[in-house]
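Since the structure comes first, as structure tokens, the remarks are kept for the end.
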There are 2 protein chains.
Amino acid sequence: MYQIDHLGIAVKSLAAAKAIYEKLGLIVSAEETVEQEQVRLVMVPVGESRLELLEATSPDSAIANFIAKRGEGLHHVCLKVQDLSAVVARLRKDGVRLVSEEIKIGAGGHRYVFVHPASAGGVLLELVEG
Amino acid sequence: MYQIDHLGIAVKSLAAAKAIYEKLGLIVSAEETVEQEQVRLVMVPVGESRLELLEATSPDSAIANFIAKRGEGLHHVCLKVQDLSAVVARLRKDGVRLVSEEIKIGAGGHRYVFVHPASAGGVLLELVEG
């Protein structure tokens, strides 16, 4: 039912971060900018999952704030689920804290929510339907 | 060639951390203690990969130090590779910094190395052969 869709990794320099994965022999996608999230990113497919390398495009973006506070590194884990509405209903019933109350719609039309790190052992957990 | 073998997540309380994944409907393994790493852990299978929840068994362990410095959260990413010796040779040639110079042998007989976060965009990257 579940699968790791991707791991979000906050980096200062996309060019420098891409280099390590290219040295490992992995394929790195073309760069893409997501205006609403103020990030420039590349994807690195790894088996059924992907690494998402994230560079801030604005100094007051979530990724820039994260790096200022914690340094570069793992930012979030995204799990793919089949029925997001059912999962969110169960989490609400169990008192799990979500970052936003509503399911959001991403750029590609996919549905997602974030579980707050306080409810997930310090991990920012994204749940995406797919 | 590559696959995400597991994500290591440093937590203060294994019991509390297990609860969130059980609420998501995931299966959590029995607890296991790894003396040489001073951790108690459970595995949470997710698709072809796993989440590894890690609780320190000693206040001077790597996991306890990590939590003291950065708080609970993602600790390392482990990628599975087919020929670890070949990958390590290529990384050395490219000047990538490893945490230890030699390939180590884990409890289950598996071969592994850690790439230093300074060479991997702030991510502690474990490479395991399998």
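Explain nothing, just the number: dipole magnitude of chain A about its Cα centre with +1 on each Lys and Arg Cβ and -1 on each Asp and Glu Cβ, in debye rounded to the nearest 20.
Taking the Cα centre of chain A as origin, the dipole is about 360 debye.
Relative to a virtual label point 7 Å from the Cα of A:Ala89 in the Cα→beta-carbon direction, which members of segment B:14-32 show backbone nitrogen distances below 15 Å?
none
Using only the Cα atoms of segment B:20-94, build the gyration tensor, take square roots of its eigenvalues as a ≥ b ≥ c, and label the shape rounded, prolate or oblate: rounded if a/c is under 1.5, else prolate if a/b is larger than b/c, else oblate.
oblate
Using the Karplus curve 6.51 cos²θ - 1.76 cosθ + 1.60 with θ = phi - 60°, what ³J(HN,Hα) values do you get for each residue of segment A:47-62, in whole Hz, with x for Gly and Pro?
These are the phi-based 3J(HN,Hα) values: x, 7, 10, 8, 9, 10, 8, 10, 10, 5, 9, 8, x, 10, 7, 4 Hz.
Put the label 7 Å from Cα along Cα→Cβ for B:Arg97; what are its distances to the other copies, in nanometres, shortest first?
When each copy's label point is compared with this one, the spacings are 3.5 nm.
Do any GluC sites (Glu not before Pro) in segment A:1-110 lie in a DSSP loop with no more than 11 other beta carbon atoms within 10 Å, and if so, which?
Passing sites in segment A:1-110 are A:Glu101, A:Glu102.
Taking θ = phi - 60°, what integer Hz values does the Karplus form 6.51 cos²θ - 1.76 cosθ + 1.60 yield along segment B:70-75, in sequence order, with x for Gly and Pro?
10, x, 4, x, 5, 10
Ignoring everything except DSSP H segments at least 4 long, calculate the 222 nm mean residue ellipticity for the protein assembly as shown; use -39,500 (n - 2.57) per segment, divide by total residues, nearest 500.
-6500 deg cm²/dmol
Could you name the residue in chain B with the C-beta closest to the rotation axis that superposes chain B on chain A, along with the separation in whole Å?
B:Leu74, 2
Using only protein heavy atoms and a 1.4 Å probe, report how much of A:Asp83 is accessible, in Å² to the nearest 10.
It works out to around 80 Å².
Compute the accessible area per residue over segment B:19-112, keeping the other protein chains in place, probe 1.4 Å, unit Å².
Averaged over the residues of segment B:19-112, the accessible area is 52 Å².
Between B:Ala30 and the same site in the other copies, what are the distances in nm, shortest first, taking label points 7 Å from Cα along the C-beta direction?
Result, one decimal in nm: 5.2.
Grab the other residues whose beta carbon is less than 13 angstrom from that of A:Ile27, score K and R as +1, D and E as -1, and report the net.
+2
Distance between Cα centroids, segment A:3-19 to segment B:18-40: provide it in whole Å.
So the separation of the two Cα centres works out to 26 Å.
Given H placed 1.01 Å from N in the peptide plane, which residues other than close sequence neighbours of B:His75 have an amide H under 5 Å from its amide H?
Under 5 Å from the amide H of B:His75 lie the amide H atoms of B:Gly8, B:Ile9, B:Ala10, each far enough along the sequence or on another chain.
When DSSP beta bridges are limited to those with both residues in the protein assembly as shown, what percentage is antiparallel, rounded to the nearest 5?
Of the beta bridges lying entirely in the protein assembly as shown, close to 75 percent run antiparallel.
Dividing the Cα radius of gyration by the Kirkwood radius, what Rg/Rh value follows for the protein assembly as shown?
Rg divided by Rh gives 0.94.
Assume the label is 7 Å from Cα along Cα to beta carbon: what separations in nm does A:His110 have to the matching positions in the other copies?
In nanometres, ordered from closest: 2.5.
Collect residues whose amide H, placed 1.01 Å from N in the peptide plane, falls under 5 Å from the amide H of B:Ile4; neighbours closer than 5 in sequence don't count.
Here the answer is A:Glu48, A:Ser49, B:Lys80, since their amide H atoms fall under 5 Å of that of B:Ile4.
So who's got an amide H within less than 5 Å of the one on B:His116, skipping anything under 5 residues away but keeping other chains? H placed 1.01 Å off N, in plane.
B:Arg97, B:Leu98, B:Val99
Please compute P(r) over all alpha-carbon pairs of segment A:6-130, binned at 5 Å starting from zero, and give each bin as a whole-number percent.
Per 5 Å bin, starting at zero, the Cα-Cα P(r) for segment A:6-130 comes out as 2, 10, 18, 23, 20, 15, 8, 3, 1, 0 percent.
Apply the Karplus parameterisation 6.51 cos²θ - 1.76 cosθ + 1.60, with θ equal to phi minus 60°, to every residue of segment B:9-20 and state each ³J(HN,Hα) to the nearest whole Hz, in sequence, with x for glycine and proline.
Coupling constants for segment B:9-20: 10, 7, 10, 6, 10, 4, 4, 5, 5, 4, 4, 5 Hz.
Is the shape of segment B:32-75 best called rounded, prolate or oblate, per the rule: a/c under 1.5 gives rounded, else a/b larger than b/c gives prolate, else oblate, with a ≥ b ≥ c the square roots of the Cα gyration tensor eigenvalues?
Because a/c hits 1.5 or more and a/b fails to exceed b/c, segment B:32-75 counts as oblate.
The values are calculated or read from the model by the stated rules, or taken from the named source; none is laboratory data. Since the structure is predicted, the reported quantities are computational estimates derived from the model, not experimental observations. Cβ: placed from backbone, ideal geometry, glycine included. Neighbour counts: every protein chain shown. Calculation scope for accessible area: heavy atoms of the full protein, side chains included, ligands and nucleic acids excluded. Shrake-Rupley method; radii C 1.70, N 1.55, O 1.52, S 1.80 Å.
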